[in-house]
């Protein structure tokens, strides 16, 4: 066997209170696509950050192409031949594609040369991209192409991709995979990080599975079933949410021809949105991030005002009401951004419990807050949703993302809403907690509430939705029954591949 | 190398300790400054911090302490409400002036009628309304046209100073004052005078108002829904919006309350210690109160203590100027150091200091 491109042995990295990586070892062959598989918090990100020079390991050794390798900075990693596409893009909306690419390069060539290079690379790898376009106008898929092209211009030997498909439509995923296969055929190795099993099975040659910072196994994903991979990844049997078969009631929430301009300069305005949500129904709203999800949550929660009759709650117009008045009527919401939107980072959990719960939980009498009731409510949320925290008086920012997510979703569910709107309810939450949150949403619907779930996780939506619709550039597709939808139909509802042809 | 590491949660100990450490550091650095100026640092520090309370002339200085601390506390408590919500009223000095003018004008309008039960309360109300309305200018401009309240409120201080000069020279000038600028002395007009409540203590109605304001602000912030919304807005404006806080109402509330309290402070000053509307009536209480608010951690009780400490440095500073011949600028620099060190040590509340090179580990 030839020397592997990257060999990692005994890599360990501890942070205060947690061992992110414990004696991790694996190797990537030349020209292979290697999957790094694990739940959120399994240590995947820490591991690749060490490879990319963002974090130094405590112990262990890396060899790149046979040479001992310990990059002190991303700069060093890049000059060795490693490139990385991050999950969150580092692009400037107000600059064009070529300028953005230039900003990420060690010494960029003159703009005109660079624009031509971008054109060349984008054509040869089937990643259509016009170097003169403003990044602010690009879709998420196109933005990712900017990042990929930036990497490819450095001619890397190893390309690291961190959850690249989380922001793509199924059609865009297909284009990406074609590109990656082409790279692979030219001898570039790819380290592919994901927790989406089907993707890994179609794309990758080898897989290393991490759980709680340790390597728990390696597998050939082409021959291992998704179920077995999941079992290794999660380490416990997944609780699949119980089937739903309850009848739907009256219309609880009606949105009628709602058009609202986005408050943000780079936000997406909502256009002509109409939907009906019945009691007992779970409406899943899919779509790629940045297509109006935040705005949809905002107009429903009352943070963004709309024409009064555009939103009807129990046939009463509520478009002009603020969040407090809507809560009084039973319309509750849980935003996507946990810290800074759903919760105030430096405030305690009991204060954050009062944030949205004071009205329905009767914590305020004559404008005086009863903090004891707030504490009790916080404890109730903590115990019901298994939030791991030392107590109710710790600040929200001290909780891990998944635990805080359980807290903010649980806080709304336990207020027994008539209509609940949630955005990305299980984002960054581990699999068993995600299953618990989904089950709670289903139970809520079974008890007669109407639930609207906005999510980018199609598997999640298919699992819990009665009906499905997709947001695309601020427009909502027709609402269709979730059962029987094919992945192609969903892709088309989400807007296809944004007019991009597949690489040849 | 020294590095700062963000704490998972703000340190409670440091939150309470920083003001104390800041005062100590100010003493050390200030002492060094005084030493460089050729004064004995021990004596200077003792003159500023010790003598006014326990020294030979303490009977005089102790009264001055409350007289100076009263307006500082009253203004700072109001400012702290806004500061907690991220609403920056920098123009308390202007609201203080306008409050004094309005209150004094009401009092002077009744001259020489004898009806204290009517006139003094009316003056108090007029003072509060004057400050309130002056603060509403930046408030309405911000909520209607999204102007920056820092700039507008600050610039209005200079407008208020011009109005003060005009009042002292024109409409409110003492008709029996032989043409000198300045109004009648309200202290000599019993129905309008803000008299000392207990002889020799410096305790006047303004000090009482300051104590009441401290108590109310404490209850507001810790128990009242509006106080919760103020804190929430300061912590995270987006979360506040999600919670249903109306930003317009909150801006107007915070600016209005701080303006009204500053106006009250002005009224109590003009009717009491100062006595008359004059060109140089304002002495910077409105600006110093900003320091007091931060020195007191934006906490009402903290502000009470900080106000007393600040008043002490004023009185002690004056004493040091008089007895040791220290220049006024040195005293101002000394007071400036206090805020500087406070903000500097504040880092320790949210960060941990690590010495040594970044561990390769």
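The values are calculated or read from the model by the stated rules, or taken from the named source; none is laboratory data. Remember, it's a predicted structure, so these values are computed and weren't measured experimentally. Counting neighbours? That spans all protein chains shown, and the Cβs are built from the backbone with ideal geometry, glycine included.
Numbers below:
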| item | result |
| --- | --- |
| Hey, residue A:292 within 27 Å of the chain's Cα centre (by Cα), away from chain B (no Cβ under 14 Å) and under 20 Å from residue A:453 (Cβ atoms) or not | yes |
| Meets criteria (within 14 Å of chain A (Cβ to nearest Cβ) and either assigned to a helix (DSSP H, G or I) or closer than 22 Å to residue B:73 by Cβ (or both)) for residue B:132 | no |
| Top-ranked residue of the range A:353-370 - restricted to ones that are in contact (Cβ under 8 Å) with a residue 40 or more places away in the chain and more than 8 Å from chain B (Cβ to nearest Cβ), ranked as nearest to the chain's Cα centre (by Cα) | A:353 |
| Among the candidates B:107, B:86, residue that is within 22 Å of residue B:259 (Cβ to Cβ) and crowded, with 24+ Cβ neighbours inside 10 Å | B:107 |
| Top-ranked residue of the range B:84-116 - restricted to ones that are more than 17 Å from residue B:265 (Cβ to Cβ) and part of a helix (DSSP H, G or I), ranked as nearest to the chain's Cα centre (by Cα) | B:84 |
| Residue in the range B:233-252 that is surrounded by 24 or more Cβ atoms within 10 Å (Cβ to Cβ), in contact (Cβ under 8 Å) with a residue 12 or more places away in the chain, in contact with a helix residue (DSSP H, G or I) (Cβ under 9 Å, 6 or more places away or on another chain) and under 13 Å from residue B:95 (Cβ atoms) present | no |
| Residue match in the range B:272-282 (condition: away from chain A (no Cβ under 14 Å), on the phi < 0 side of the Ramachandran plot and surrounded by 24 or more Cβ atoms within 10 Å (Cβ to Cβ)) | yes |
| Criterion violated by residue A:19 - all others in (1) surrounded by fewer than 18 Cβ atoms within 10 Å (Cβ to Cβ); (2) modelled with pLDDT of 85 or more; (3) more than 28 Å from residue A:104 (Cα to Cα) satisfied | (2) |
| Count of the range B:195-226 residues which are under 21 Å from the mean Cα position of the chain (by Cα), without any contact (Cβ under 8 Å) to a residue 24 or more places away in the chain and under 29 Å from residue A:357 (Cα atoms) | 2 |
| Residue identified as under 19 Å from residue B:284 (Cβ atoms) and touching a residue at least 60 places away in the same chain (Cβ under 8 Å) among B:124, B:157 | B:157 |
| Of all residues making up the range A:54-89, the number that are free of Cβ contacts under 8 Å to residues at least 40 places away in the same chain and under 16 Å from residue A:142 (Cβ atoms) | 1 |
| Candidate set from the range A:187-213 (those that are without any contact (Cβ under 8 Å) to a residue 60 or more places away in the chain and more than 20 Å from the chain's Cα centre (by Cα)); member that is surrounded by the fewest Cβ atoms within 10 Å (Cβ to Cβ) | A:202 |
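Residue by residue, here is whether (1) in contact with a helix residue (DSSP H, G or I) (Cβ under 9 Å, 6 or more places away or on another chain); (2) modelled with pLDDT under 85 holds:
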{"residue": "A:401", "(1), (2)": "no, yes"}
{"residue": "A:406", "(1), (2)": "yes, no"}
{"residue": "A:410", "(1), (2)": "yes, no"}
{"residue": "A:413", "(1), (2)": "yes, no"}
{"residue": "A:448", "(1), (2)": "no, no"}
{"residue": "A:491", "(1), (2)": "yes, yes"}
